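This report refers to the structure that appears directly beneath it.
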Amino acid sequence: MTPLDGALWLIRHGFAAFPCDHPELNRCAGLHKTCDGSRGKHPAVAFTRGWTLDERRVYETFARGLRNPAVAVGACSGPDETRLVVVDSDRPGAIEDVASARGEQWPATMRVHTAKGYHDYLWAPAALHLGNGLGALQDQFDGDVRAGNAYVVGPGALHASGVLYELDDPERPPVMAPPWLLRALLTKPQRPVRQSYPRPESRSLQGLVKFVADSTQGQRNSRLFWAACRAAEAGVEDAPAVLLDAAVHAGLGEAEARSTIASAFRTVGVSA
Ligand SMILES: [Zn+2]
């Protein structure tokens, strides 16, 4: 499949196409001022409005010179008020692993093989206004999700490594995104909560640590400050590190906890 073939396939199947740089050009055709060197991926037009579904324009653009075809993801509409979402696995099996970890099976859908893995194309309700966020899949998925104001390099494109972006099965259309995926993408990423905190040997520190670890939202910072002051006064070794763990366990952000502890130690006149 040549870039022209890929672009024609895209628009004939209703995917908004636009030209990107091609790695065999001497210089990047991207619109940017300075190129970061990832050749073959930089849009040659303002893709949010420079895309087309028109065959004549595709011939003009892709037959004239070397351009990789790409898809303006947010401009692609599917059946029943849906929009395109592309799940970009950085290795083969990445999204299947996420699915099976949740007791789910990844559906067979339109797939384009990339240099490292593949792009899976799916439809999602437009009303969800999906973006590029991974939601609950943050740190669980080796890849990215592209939706809304985003683009992906399409079939027929040449990667800088020499790999051709290829359709897995040109007859297979995108399916509806599974509900568990949509739920995960719409969930705010959770700050990792430490399951346990160290039990210090010092009796006085034990009480302070428990006091901090048991605190609920709204009292976490003041309890941490109070405990850190008492620890500083008592001169207990390792108190800052142990209290930090307890505060993070209680759900306080690490940076915030650090600064509260440091400020308590300064108040008491000891350096943390
Ligand atoms: Zn460039």
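The values are calculated or read from the model by the stated rules, or taken from the named source; none is laboratory data. What you are looking at is a predicted structure, and each value in this text was computed from that prediction instead of being measured. Glycine gets a Cβ as well: all are built from the backbone with ideal geometry, and neighbour counts include every protein chain shown.
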Yes or no: the range 104-113 includes at least one residue that is more than 16 Å from the ligand (Cβ to nearest atom), modelled with pLDDT of 95 or more and over 20 Å from L167 (Cα atoms). yes
Which numbered condition C28 fails, given (1) surrounded by 14 or more Cβ atoms within 10 Å (Cβ to Cβ); (2) within 16 Å of the ligand (Cβ to nearest atom); (3) under 19 Å from A150 (Cα atoms): (3)
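Conditions tested, residue by residue: (1) loosely packed, with under 13 Cβ neighbours inside 10 Å; (2) out of contact with any Lys or Arg (no Cβ under 8 Å at 6 or more places or on another chain).
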| position | (1), (2) |
| --- | --- |
| L137 | no, yes |
| A160 | no, no |
| P179 | yes, yes |
| S222 | yes, yes |
So A157 clears everything in (1) more than 24 Å from the chain's Cα centre (by Cα); (2) not assigned by TED's automatic domain parsing to the domain that holds L244 except one condition, right? Which one? (1)
Would it be correct to say that A70 is in contact (Cβ under 8 Å) with a residue 12 or more places away in the chain, under 16 Å from P155 (Cα atoms) and within 14 Å of the ligand (Cβ to nearest atom)? yes
Restricting to the range 1-22, give me the number of residues that are at pLDDT 95 or above and either acidic (D, E) or not in a helix (DSSP H, G or I) (or both). 11
In contact with a Leu (Cβ under 8 Å, 6 or more places away or on another chain), assigned by TED's automatic domain parsing to the domain that holds N26 and among the small types (G, A, S): is that true of G135 in this structure? yes
Looking at A247, is it loosely packed, with under 13 Cβ neighbours inside 10 Å, part of a helix (DSSP H, G or I) and not assigned by TED's automatic domain parsing to the domain that holds V58? no
Residues (of a type in the set (D, E) and part of a loop (DSSP other than H, G, I, E, B)) located in the range 88-137: D90, E104
What residue, of D5, D36, D21, is on the phi < 0 side of the Ramachandran plot, near the ligand (Cβ under 9 Å from one of its atoms) and surrounded by fewer than 21 Cβ atoms within 10 Å (Cβ to Cβ)? D36
Which of the residues that make up the range 250-266 are closer than 17 Å to S204 by Cβ and either surrounded by fewer than 22 Cβ atoms within 10 Å (Cβ to Cβ) or of a type in the set (S, T, Y) (or both)? F265
